[in-house]
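Okay, so here's the structure we're looking at.
The values are calculated or read from the model by the stated rules, or taken from the named source; none is laboratory data. No experiment lies behind these values; they were computed from the predicted model shown. Cβ atoms come from the backbone with ideal geometry, glycine included; neighbour counts cover every protein chain shown.
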Amino acid sequence: MTHAAPKVAAIQMVSTPVVEDNIATARRLVGAAAAQGAQLVLLPEYWAIMGMSDSDKVARAEQLGQGPIQDAMAGLARTHGIWLLGGTLPLASADPERVINTTLVYNPQGEPAGRYDKIHLFGFSKGSESYDEARTIVPGKTVGTVETAVGKVGMSVCYDLRFPELYRAMGPLDLIVVPAAFTYTTGKAHWEILLRARAIENQCYVLAAAQGGSHVNGRRTWGHSMLIDPWGEVKAVLAEGEGVVCGELDPHFVQGVRTSLPALQHRIL
């Protein structure tokens, strides 16, 4: 008897400054992903709030274990019986001016099952575009992995994608997740090539859930949420707008890649 390959899904959103509207959108899209058979669903970075200014998220920061954003995620996981990786939400930090940009994991019972705080904070300046996440975010310090129904998952967020050593520190993985809000400029140039590189060098699947469109605050994000296999092939992609990217993880394919090209075993450093 052969077991069906597990299904995973990435949710793409164009989040607004209104938390309640974003929760309603996430509820609809996660429901659609579950209806397609996804056992693990990934939300994008900043899914719950993309404010008019970077400091807006500070006002909506939640204490760990309580708040409407966390309640919504726990409820979605429990209702649909899925593993839910909650993109990122703003958690309160010791600094009242800054938040922790956190991925929270919920198991199919709706219980907290893992956490990762974004380590690398985005900074970019070119022409009229300028971003400095360190002004409103406290960086995380710990590598995050979680055992799920689809295997061992390595957690990262957006700008982390540019730092391959982060993934090396996780050990062998079945899946890497990358919730993101890549800008249109950097996304167009580097998003797909970096995602495919991480899949190839770690010989595992990569699931990326992005913000994808023109936001109320004037920001434009790149989108292109996708699922990539360990050979670096894009299996599913959504260019722009809200929606669901769904696909299967084939453990036999992973094993085949690692057997025929045992690069992970050949590592020296």
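Given the residues VAL237, VAL244, which is the only one that is buried (at least 16 other Cβ atoms within 10 Å of the Cβ), free of Cβ contacts under 8 Å to residues at least 24 places away in the same chain and either assigned to a loop (DSSP other than H, G, I, E, B) or of a type outside the set (Asp, Glu) (or both)?
Testing whether each residue is buried (at least 16 other Cβ atoms within 10 Å of the Cβ), free of Cβ contacts under 8 Å to residues at least 24 places away in the same chain and either assigned to a loop (DSSP other than H, G, I, E, B) or of a type outside the set (Asp, Glu) (or both) leaves just VAL237.
Looking only at region 61-81, which residues are assigned to a helix (DSSP H, G or I) and either closer than 16 Å to VAL19 by Cβ or modelled with pLDDT under 95 (or both)?
Filtering region 61-81 for residues assigned to a helix (DSSP H, G or I) gives 68-80.
Across region 61-81, the qualifying residues are PRO68, ILE69, GLN70, ASP71, ALA72, MET73, ALA74, GLY75, LEU76.
Here are some residues: THR145, THR103. Which one is surrounded by fewer than 21 Cβ atoms within 10 Å (Cβ to Cβ), outside any helix (DSSP H, G or I) and not charged (D, E, K, R)?
THR145
Results for (1) touching a strand residue (DSSP E or B) at 6+ places or on another chain (Cβ under 9 Å); (2) closer than 20 Å to TYR46 by Cα; (3) among the small types (Gly, Ala, Ser), shown as yes or no for each residue.
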residue: GLY140; (1), (2), (3): yes, yes, yes
residue: VAL146; (1), (2), (3): yes, no, no
residue: GLY154; (1), (2), (3): yes, yes, yes
residue: CYS158; (1), (2), (3): yes, yes, no
residue: LEU175; (1), (2), (3): yes, no, no
residue: TYR184; (1), (2), (3): yes, yes, no
residue: ILE193; (1), (2), (3): no, no, no
residue: ALA199; (1), (2), (3): yes, no, yes
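In the set GLY86, GLY81, which member is under 23 Å from ALA35 (Cβ atoms), within 15 Å of the chain's Cα centre (by Cα) and not hydrophobic (A, V, I, L, M, F, W, C)?
GLY86
Of everything in region 86-100, what is more than 20 Å from PHE163 (Cβ to Cβ), touching a residue at least 40 places away in the same chain (Cβ under 8 Å) and not in a loop (DSSP other than H, G, I, E, B)? Give them in sequence order.
Those that are more than 20 Å from PHE163 (Cβ to Cβ), touching a residue at least 40 places away in the same chain (Cβ under 8 Å) and not in a loop (DSSP other than H, G, I, E, B): LEU89, PRO90, VAL99.
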